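Values quoted throughout were computed directly from the atomic coordinates according to the rules given, and no laboratory measurement underlies them. The structure presented is a predicted model; accordingly, all values stated were derived computationally and were not measured. With ideal geometry, Cβ positions are generated from the backbone for all residues, glycine too; neighbour counts draw on all protein chains shown.
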Amino acid sequence: MSIADEMNKESTKDLFEDINDNYTYVMISTLNQMVNYIPLQHFKFKEIYNVTIRDSHYADNEKWDKNLKKELGDRLAIENVEFLQKEVGDINTIINRLKQRLKGKNKIFWNITGGQRPFVLAVNQMAKEDDIICYLEGNKNKMMLLKNNSELHGIVEDYSIDDLKIETALNLMGFDVKDTKTSSVNLVEENNAEEKAFYLTFLERYKKSKELRENLILLNKKDKKNKTEAEIKKSILNSVKDLNYSEFKNDLNRENAFGYILEKLAGYKIFELAKDKISNLSLSVKINFTENKVSEHHIDEFDIALLTKNGKFMIFECKSGGMSGDVAKSTKYSTYAVGGAYGLPVLITPLLREEIENLNELDETYNHIKNSVKSAKRASLDVWGLYDVEEKLKKYIEIQE
C-alpha cells in the first residue's frame with residue numbers, strides 16, 4: 001500500500017469516527033422507512049431529527065414515524081421537525097424552521113432519500129461546508145455521501161446489513177409476523193443440506209419431464225385423467241427414487257402437496273442463486289397489522305418472502321393451482337406496503353416460460369393454473385415460471401457470476 005493510500009485510509013477512518021461522535025442525523029419521513037433505518041445501523045448518531053408532515057391527506061407520516069420509533073426502541077430518541085402540508089411548498093419556511101430547530105448543530109448528516117422535492121431543495125440550499133448529504137442508491141446498493149459538493153469515498157461503500165430481518169421490514173410498515181402453530185421457516189438459518197440438494201436436482205428433472213410436471217399438477221385436481229392418486233404418487237416417486245431422500249414421501253402425502261413442493265423448489269433455487277445477497281429468506285410468512293391485531297386470522301400470507309441485505313423486499317406467491325383476483329391484489333398491496341418503492345410481488349407458476357407465453361394452447365389439465373396467471377397479470381404481478389427465477393432474480397438483485 002502506497003503512502004497516499006495509507007493517508008487516505010486514515011482520513012476515511014477519522015471521518016467515520018467524526019460522523020459517529022459529532023454529527024446530528026436529520027432524516028425525512030417517508031413510506032419506505034427502511035432508507036432512514038439503514039444509516040442508523042452504520043453510524044452511532046447521538047442526536048436524531050425527523051422532518052415530517054403533520055396533516056397530510058395523501059400520506060400517513062405519523063404512522064410511519066411511529067413504526068420507526070418503535071423498531072428503534074429506547075436506545076435512540078427522535079425529535080420531530082413538523083410541517084403542515086400547506087407549508088411544504090414554501091422553501092423559505094422549510095429553511096427557516098430547520099435552522100431554528102437545528103441551531104447550534106455544527107455538523108449535520110442529512111439523509112434526503114425518499115424526501116419530497118421541496119425538502120431536498122431546502123437541504124441543498126442550507127447545507128454547510130462540514131455537513132454531509134446522504135442518498136441511498138438502492139439499485140447499486142451504494143450510500144452516496146456528499147460533503148461541500150464533493151463525493152466522499154470509502155466511508156460506507158456497500159450499505160448491506162448482514163443481520164437485517166424480515167420482521168424489521170414488516171415492523172417499519174406497521175405489520176408484524178403473526179405467531180401461528182405452523183411457524184415460518186428461514187432458509188438462511190435453517191436450510192437442510194440434504195433437502196436442498198434433493199430439490200435442486202428434482203427441479204432439473206421437472207424441467208425435462210412433461211409427465212412429471214403433469215403428475216404433480218394432477219395431485220391437487222379432482223379430475224386426475226383416469227389415474228388414481230396412488231398411481232400418480234408412485235410415478236412421481238419412481239422419477240426420484242435414485243436420490244435417496246426419504247422425506248419426500250412425506251412431502252408428497254401432505255395436503256395440497258404440489259403447492260408445498262413448489263414452494264420448496266422455488267425457495268431453494270432462490271437461496272442457491274442469491275445466498276450471498278440475502279439477509280432473510282422465509283417460507284410461509286403470516287402477517288398481521290401491528291395495530292388492531294386479529295386474534296384468530298392473519299391478514300395475509302407470503303409463500304416466500306425475501307429480504308436482501310440492502311433492504312429490497314420481494315414476495316413470491318407460489319400457485320400450483322388457481323388464484324383469485326382478490327388474492328393477487330392482496331399480495332400486490334402487501335408487498336408495496338412493506339417494501340415501498342423497492343417492493344416486488346411475483347407469482348411463481350409451475351409452467352415453463354413458453355407455456356406462459358402460449359396459455360391458450362394448453363389443454364384442460366392446466367385450466368386452473370391458466371386462470372391464476374391471468375389473475376396475476378390483471379393485478380400487475382410479475383409472473384415467473386420456475387425456470388425464469390434465475391434470469392429474473394439476477395437482474396433484480398444484481399447477482400454477479
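Would you mind putting 240-253, 18-31, 45-58 in packing order, based on average other-beta-carbon counts within 10 Å, highest first?
Order by mean packing, descending: 18-31, 45-58, 240-253.
What is the pair-distance distribution P(r) of region 128-167, computed from all Cα-Cα distances in 10 Å bins starting at 0, with each bin given as a whole percent?
In whole percents, the pair-distance histogram is 28, 45, 21, 6.
Using the Kirkwood radius over Cα pairs, work out the Stokes-Einstein diffusion coefficient for region 62-217 at 20 °C and 1.002 mPa s, in µm²/s as a whole number. Working shown, then result.
Details: Rh = 20.5 Å.
Answer from the Stokes-Einstein relation: 105 µm²/s.
In whole angstrom, how far apart do the alpha carbon centroids of region 119-161 and region 344-364 sit?
Value for the Cα centre distance between the two parts: 43 Å.
Only bridges with both residues in region 3-159 count here: give the DSSP antiparallel percent, nearest 5.
The answer is about 35 percent antiparallel.
Using the number of other C-beta atoms within 10 angstrom as an exposure proxy, rank ASP303, ASP363 with the fewest first.
In increasing order of surrounding Cβ atoms, one gets ASP363, ASP303.
What length, rounded to one decimal in nm, is gained on full extension from SER150 through to LYS165, with 0.36 nm per residue of separation minus their alpha-carbon distance?
Details: separation 15, 0.36 × 15 = 5.40 nm, distance 3.35 nm.
That works out to 2.1 nm of additional length.
What does the C-alpha gyration tensor say about the overall shape of region 31-131? Classify as rounded when a/c is under 1.5, otherwise prolate if a/b is larger than b/c, or oblate.
oblate
Order by neighbour count: GLU62, GLU317, fewest other Cβ atoms within 10 Å first, most last. If you can, show how the numbers build up before the last one.
Working: GLU62 16, GLU317 25.
Placing the least packed residue first, the sequence is GLU62, GLU317.
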